[in-house]
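Here's the structure we're looking at; comments come further down.
The values are calculated or read from the model by the stated rules, or taken from the named source; none is laboratory data. Here the structure is a predicted model, which is why all the values come from computation and not from measurement. No Cβ is skipped: glycine too gets one built from the backbone with ideal geometry, and neighbour counts run over all protein chains shown.
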Amino acid sequence: MNGLAKLLGLDPEEYNHWQLHWSPDVLVLTVLGIVIPLALWFFWASLNRVGSRSRKLFLFALRLGAFTLLLLVLLKPELEFRKSQSLKNSIAVLLDNSKSLSIKTKADESPRIDLIKKALQANASYFENLGKDFNVDYYFLSDDIEKVAAGAVKDRYRAHRPYTDLTPAFGSLVERYPDQSLKGVFLFSDGADLTQEPDGISRNLVVKLKGLGSPVHTLQAGSNAGFKDLAVEAVTASDFGFVQQPLKISLTVFASSMGNRNVPLVLKEGDRILVSKIIEVREDTKRFEVELEFTPQNVGKRIYALSLPKFAGEFIHTNNEKEFEINVVRDRTRVLHLNGRPSWDSRYLREVLAHNPKVDLLSFFILRDMGDNVEAPVSELSLIPFPSNLLFDDYLSSFDLVIFQNFKYDPFIDKKYLDNIQKYVKNGGAFLMIGGELSFQGGGYSRTPIEEILPVSFRDNPRSLMGKLFHPVLNKEFSLHPILRLEKDLNQDAWQSLPQLQGINMGLVPDKNAHVLLQYAREKESAIPVLVTGSFGSGRTALLATDSAWNWNFRNVGSGGSGRYFQRFWNNVIDWLIAEPETRRLQLESDKERYREGEQALIKFKLLQKNYQPAINAKAQLTLTQLKAKPGVETELKTDEQGEGIFPFLPDREGFYTARVQVDLEGESLTEEIMFSVLKDTAEFEKPLVNEALLKKISEITGGRYHPLTGSDDLSSYKFTNPDIQVKSHSRSFSLWDNWWAYSLVLGFLVMDWYLRRKSGLS
């Protein structure tokens, strides 16, 4: 065979095995089974006239040779030369490098990782001898496995990874050894896998271990004897809560070697204590389930902290406190609606408010007043006494929006309550006045705190109401204002499709900083404001100088159209007044709410002018601050052509961060603030105990051994089976049926047969 290999141009030393392959067709075999006997009989019978027996046999052999070669062509033979070798099986050494390995069980002891390092050093010769028969592969282990050269283990091995997750780690190990060449695993760890229950093992991990097909020997680093610790182990809370609504949270308090004592648990927001509770810690119990309840007072992302006192002798203090984040939102927008008299306008507005799932409506109708000629006592001039004291003194701050619609405050509201409304708006409330004969001057609001908060001033003795039909015109300067967005595209067409209004309040002069969104344009006369917005203090105000907006619903529906523009308009008004995020001129966000340590954060903001056009090349001051750390990082940014700015930021510490953007634009100072978190890398300190039960179960499931490390460990008793594995590394194949020499041989045999037969006088 060596000669044949050389003939085919191969090095006989490179290929140590050969094999002949056939590719017969079933039909071909069937035909050959019939043809071959007939052919042999015909070959012999046709030579009866040959007198010489030796010549007869030679001629038969020539014909048989030619026929045999043709048969070989039909059977498609291939000759394969291959190089095969015996490979070593593997032993995997998994070295846990998570942060829990840095924990000391006692003050006078070394960290857990030192027990592993001592075991590796003491058994260096054992692993060296093991490497003569096996491939000994070293891996660092945390949430995955990282292969490391044996010689680099000593210099690179340290406890620095955030956490351990054995399930994906063993899954990766199964993928690395698909050929069952892994004959054993050493797992050096404290078993601190946060994904596993303290006394259990997950089904997914069991599946990965069984798929490994080899024993896992677990070598435990550290012990729980005398380990003293008190920790907030886990907190369960909703990602969001509702302002002014009770919110429940649950947590687990862990206690080890703390004896019997009462421990105070405190829930705080900043420096303010919200809840405190005494936990009765008992020596015979390690975990205590606790429930707390508190009421968020402010909207937005809020950071809360649960803390336990730090006691002398604890080996970990970082787990005595745990911070968590809750996004506090409005349950519903609370609206106070006061209507001076029933009308079509108030009816349709009430329908919009009542059918909006985000709105909690409290509405009052004045059915009679002091001027009505009725024979009844004054005390019976209303269905119920008007609760002015409750509405405008006790509960005013609980409302998000106050609406006066064609409402004359006297005699129902004392003038002193108008001062309360002014303070309410100044502190961030929202106020809307809708027109009619009892609004503005007709309602007696001239020279009152209400006139001060509205974005208009009132003229004395004007014609207060004009009943002319008119079509309100969009102020082109504010065409992008959120209130005016009836359609994303073709918004102008949408406004032009609305029916005319009838009746408009006169004598309203917009203030300097007011925004006139809709107006009635008269020929040769100044335009009359219809919809005007403004601000007062921290709050927003608006007025609609007509009580006929109901036509946008009633007449559209009556003519076969839709009332959706009417509904969208009022929803836009409400959203703007209560300053929903999408209506703010300065909008700030991060690309994620939570980041891992070392992950880049992107802070994005968008800035709009007063007319809601993009503010181009505007300067913005960005301040990034980690809570409990001062000072913050400040940087100056500029907006692009879309009025947007972006700032990439790489947090250097875990915890909660605030990003604050401040802009001075068009005489106003705009500020927005957001919060994001960088996940702490101290998660393993939340459950610091050695998980002996988990390590024992891993060994039990895989048929391995469990061994607690002592610092003077001898691993020489660990033995592994090592059958050889034949592996075909590479091969070369040669076809024996479609080569020129095969057909040349057939032709040579046939020519020689013809020549000898002619020489013998045979045809």
Residue that is at pLDDT below 90 and in contact with a Pro (Cβ under 6 Å, 6 or more places away or on another chain), where the choices are 86, 102: 102
- prompt: Tally time: how many residues in region 423-471 are in a loop (DSSP other than H, G, I, E, B) and either outside the structural domain of residue 510 (by TED's automatic domain parsing) or under 20 Å from residue 548 (Cα atoms) (or both)?
  reply: 8
- prompt: How many residues are closer than 19 Å to residue 235 by Cβ and surrounded by 11 or more Cβ atoms within 10 Å (Cβ to Cβ) if we restrict to region 274-284?
  reply: 6
query: Out of all the residues in region 478-501, is one or more surrounded by 21 or more Cβ atoms within 10 Å (Cβ to Cβ), over 43 Å from the mean Cα position of the chain (by Cα) and over 20 Å from residue 580 (Cβ atoms)?
result: yes
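The rows are residues; the columns are (1) modelled with pLDDT of 90 or more; (2) of a type in the set (Gly, Ala, Ser).
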| residue | (1), (2) |
| --- | --- |
| 613 | yes, no |
| 628 | no, no |
| 634 | no, no |
| 640 | yes, no |
| 644 | yes, no |
| 647 | yes, no |
| 651 | no, no |
| 655 | no, yes |
| 658 | no, no |
task: Quick one: count up the residues across region 240-273 that are hydrophobic (A, V, I, L, M, F, W, C), surrounded by fewer than 17 Cβ atoms within 10 Å (Cβ to Cβ) and under 16 Å from residue 305 (Cα atoms).
output: 3
query: Taking interchain pairs and intrachain pairs at least six residues apart, which have beta carbon atoms under 6 angstrom, with the first residue in region 501-512 and not assigned by TED's automatic domain parsing to the domain that holds residue 406 and the second of a type in the set (S, T, N, Q) and assigned to a strand (DSSP E or B)?
result: none
Complete set of residues in region 301-322 that are of a type outside the set (Asp, Glu) and within 30 Å of residue 243 (Cβ to Cβ): 301, 302, 303, 304, 305, 306, 307, 308, 320, 322
message: Pairs please, first residue from region 272-283 and closer than 22 Å to residue 303 by Cα, second anywhere and of a type in the set (Phe, Trp, Tyr), Cβ atoms under 7 Å, 6+ apart in sequence or on different chains.
response: 274/294; 275/294
task: Identify, from the list 611, 572, 553, the residue that is touching a residue at least 40 places away in the same chain (Cβ under 8 Å), in the same structural domain as residue 673 (by TED's automatic domain parsing) and touching a helix residue (DSSP H, G or I) at 6+ places or on another chain (Cβ under 6 Å).
output: 611
- prompt: Just to be sure, is residue 250 out of contact with any Phe, Trp or Tyr (no Cβ under 7 Å at 6 or more places or on another chain), in contact (Cβ under 8 Å) with a residue 60 or more places away in the chain, of a type in the set (Gly, Ala, Ser) and within 25 Å of residue 688 (Cα to Cα)?
  reply: no
query: If residue 165 passes every condition in (1) within 12 Å of residue 211 (Cα to Cα); (2) free of Cβ contacts under 8 Å to residues at least 40 places away in the same chain; (3) not basic (Lys, Arg) but one, which one does it miss?
result: (1)
task: Hey, can you tell me all the residues within region 316-363 that are of a type in the set (Val, Ile, Thr), part of a helix (DSSP H, G or I) and within 35 Å of the chain's Cα centre (by Cα)?
output: 318
Verdict on residue 541 being assigned by TED's automatic domain parsing to the domain that holds residue 458, in a loop (DSSP other than H, G, I, E, B), β-branched (Val, Ile, Thr) and more than 34 Å from the chain's Cα centre (by Cα): no
- prompt: closer than 30 Å to residue 317 by Cα and touching a helix residue (DSSP H, G or I) at 6+ places or on another chain (Cβ under 6 Å) - does that describe any residue in region 145-155?
  reply: yes
Any hit, region 156-170, residues being within 30 Å of residue 328 (Cβ to Cβ), assigned to a strand (DSSP E or B) and of a type outside the set (Gly, Ala, Ser): no
- line: The residue from 599, 589, 523, 582 that alone is part of a helix (DSSP H, G or I) and either surrounded by fewer than 17 Cβ atoms within 10 Å (Cβ to Cβ) or not assigned by TED's automatic domain parsing to the domain that holds residue 648 (or both) is 582
- request: Check residue 651 against each of (1) exposed (fewer than 15 other Cβ atoms within 10 Å of the Cβ); (2) outside any strand (DSSP E or B) and name the one condition it does not meet.
  value: (1)
- prompt: Given the residues 444, 428, which is the only one that is surrounded by fewer than 21 Cβ atoms within 10 Å (Cβ to Cβ) and closer than 19 Å to residue 573 by Cβ?
  reply: 428
field: 3 or more residues under 22 Å from residue 398 (Cβ atoms): qualifying strands (runs of 3 or more DSSP E) within region 268-307
entry: 300-307
Meets criteria (surrounded by 17 or more Cβ atoms within 10 Å (Cβ to Cβ) and closer than 19 Å to residue 235 by Cβ) for residue 338: no
